[in-house]
Every structure is written in structure tokens, then in C-alpha cells.
1. Which angle from 0 to 90°, rounded to the nearest 10, does the C-alpha axis of helix 43-52 make with the longest principal axis of the chain?
2. Rank these for me by crowding, Glu65, Glu83, going from fewest to most other beta carbons within 10 Å.
3. Assign unit charges at the C-beta atoms only (+1 for Lys and Arg, -1 for Asp and Glu), then state the dipole size of the chain relative to its Cα centre in Debye, rounded to the nearest 20.
4. If each DSSP helix of 4+ residues adds -39,500 (n - 2.57) and the sum is divided by the residues in the chain, what number results at 222 nm, nearest 500 deg cm²/dmol?
5. Please report Arg75, Arg90, Arg9, Arg4 as a ranked list, fewest other C-beta atoms within 10 angstrom at the top and most at the bottom.
6. Using modelled backbone amide H atoms (1.01 Å from N, in-plane), which distant-in-sequence or interchain residues come within less than 5 Å of Thr56's amide H?
7. Can you work out ³J(HN,Hα) from phi for every residue in segment 7-22, in order, using Karplus 6.51 cos²θ - 1.76 cosθ + 1.60 and θ = phi - 60°, giving whole Hz and x for Gly and Pro?
8. Could you state the angle between the C-alpha long axis of helix 68-79 and the longest principal axis of the C-alpha atoms of the chain, as a value from 0 to 90 degrees rounded to the nearest 10?
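No value in this document is a laboratory result; all are computed from the given coordinates. Fair warning: this is a prediction, and the values are worked out from it, not measured in the lab. No Cβ is skipped: glycine too gets one built from the backbone with ideal geometry, and neighbour counts run over all protein chains shown.
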Amino acid sequence: MKDRMKSKRKELGLSLQKVADLAGTGKSYIWELENSNIKKPSAEKLLEIAIALKTTTEFLLTGMEIKENETMLLRSYHRMDDEDKGKLQRIASLFANEV
């Protein structure tokens, strides 16, 4: 994760301080994530960092790129209540079984 964070930050031309400001955390915390083997951040903090870096938590954790429309879908899903998430999961399951 640390290499992907640093690479993405440099690709965007962002300073450690700018990423920290965008993610609502400290510059030293971002530096530690990029340069040491501290434990992974919480899911909430990881999401904030991913948004600051214009990427996804999936990419930061695994290196797998997700297309922009998939990212928008995932963010919409995360804002849904549990009932709507269940409905969407059932619909997706139906489509998956047809393939």
C-alpha cells in the first residue's frame, strides 16, 4: 500500500501536507503510511486518503484499478441504507447467474 500511495501522490503532484489536508489528517501520518510498516489505517481514513488521491481504496490495498464509472457506483452503494444494499446485491446476483 505504501508504494501505491506515494506513487499516486507524486503522479498527482501533491505534497504530503496537501494529501493530509484533503484527508483530514496530519502530514506525519501520511509520511508514516508511505515510509514505514505501520498498521493499515481504518476503513474511514483509508477512504478519505483514497479520495484525496483520486483513486479507490481497492487500488491502495491491492493495486487493482477500477474504472471511474465503477468508482461512482461503489460510492453510491456506500451511501445506501442496508435495505437498498440488499436489494442491489440480489439484483447483481441475478445478473451474475445469467452469465
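1. 70
2. Working: Glu65 11, Glu83 8.
Ordered by Cβ neighbours within 10 Å, fewest first: Glu83, Glu65.
3. About 420 debye.
4. -22000 deg cm²/dmol
5. So the residues, fewest neighbours to most, are Arg90, Arg75, Arg4, Arg9.
6. none
7. Each residue of segment 7-22 in turn: 4, 5, 4, 5, 4, 7, x, 9, 7, 4, 5, 5, 4, 4, 4, 5 Hz.
8. Helix 68-79 and the main axis of the chain meet at about 80 degrees.
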